[in-house]
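A quick write-up on the structure given underneath.
The values are calculated or read from the model by the stated rules, or taken from the named source; none is laboratory data. Given the structure is predicted, the values throughout are model-derived calculations rather than measurements. With ideal geometry, Cβ positions are generated from the backbone for all residues, glycine too; neighbour counts draw on all protein chains shown. Note: accessible area is taken over every heavy atom of the protein model, side chains too, but ligands, DNA and RNA are not part of it. Shrake-Rupley method; radii C 1.70, N 1.55, O 1.52, S 1.80 Å.
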Amino acid sequence: MNGTRVKGGATMRARRLRASLKGWGGVAAMAVVCALVAVFALCVPLSGPRTVDDQAVAQSARIKAEKTDEDCEAPEKQTLSPSSADGDTIQDIKNRKGGKRKLIVGVDQNSYRWGYRNPNSGKSAELEGFDIDLVHRIAEDILGDRNAVQFKAIPTDQRIPAIRDGDVDMVVRTMTINCERIEDVAFSAPYFKTGQQVLAPKSSPIKGYDDTLAGKRICTATGSTAYSTLSADKKSGKLPATTDISETVPNQLDCLVRLQLGEADAVVTDGALAASQAAQDPTVELKGDAFTAEYYGVAMKKDADDLVRRVNQILVDYRKDTATGWQASYDKWLSATLGKVSEKSEPPAPQYLRTT
């Protein structure tokens, strides 16, 4: 991976946090240390250093979301029917020469149990997790080799640009299907159900997504559905006017760091991710129930119809495979933090935009 500039403040934060983690012990502590190293040193935005123009881009995205939401219903159902046929997109992937004949996938390397580098897996610290299992299954189906994958670590706010610019074939990174995003990328059918939740210190008076957030600083990831929800709710009055939602970061895990350093009072993110973060840090917990219903999907280019259909077929087969498929992956990675599979996490039966 290319080198990245790390500001002195970020380095100091990392050192202070490593000191605070002493005594944790066990796999959870090692996982969070690895994740934090990835946050500060490894995860490289594909588009290069961020600039002040990003504020204008973010504002434009919010305006676009507001306009899109007016005409959009059930975005998780706006996908193509399954097919095993190869089209131009898949043929281009298969025709890559030599060692480049791989599926190029944007993933996370900081989300414990979803996509992260396990420090206990040896010197290579290979990527592991629920999303990573799905990537391997897709590669196996398309290229006949589950390891024919080139992973690219992508920050939360760079997922859509990475697809749009052709840097990756797809993104499998706890990416919620929503009305704004389907204007820019194509999604598979849902492969996981979740909802936004509040994460805060156990000692905090915050009780959930309610009036106890008044006067509190909430951290979210730039370009996340969490921020969009908070912004809309603050405008509508559902969220207290004194709630500060200005703290945004490139990667969602950065919010946990801010929380641990006392620079934020709470984090709002997908409950599935928040549960994994609570498993890493015994001083924080989920506050209240999920207050939205959302679905993760595999994101691809808008015109990659054959790839979308192929991934949807893979998902159908993946769900049916009880030995090494969706259920087995859930049991391995997520059952410890989310419990048994229930309607809170299992995606609904897929519905497709077109049947032909």
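What to note about this one:
- Protein heavy-atom surface of segment 104-210, 1.4 angstrom probe: 39% of the accessible area is carbon and sulfur, with nucleic acids and ligands not counted.
- Equivalent ellipsoid of segment 157-273: semi-axes from √(5λ) of the C-alpha gyration tensor, largest first, are 27, 15, 13 Å.
- Sulfur and carbon atoms: percent of accessible area, segment 294-356 [1.4 Å]: 50
- Ranking Ser121, Ser276 by solvent-accessible area of protein heavy atoms (1.4 Å probe, all protein chains present), from largest to smallest, gives Ser121, Ser276.
- Per residue accessible area in Å² of segment 228-354, where ligands, DNA and RNA are left out and the probe is 1.4 Å: 43
- Solvent-accessible area per residue in segment 71-141 equals 46 Å², computed with a 1.4 angstrom probe and all protein chains kept.
- Highest-first packing order for the peptide set 325-334, 261-270, 86-95 is 261-270, 325-334, 86-95, based on the mean count of other beta carbon atoms within 10 Å.
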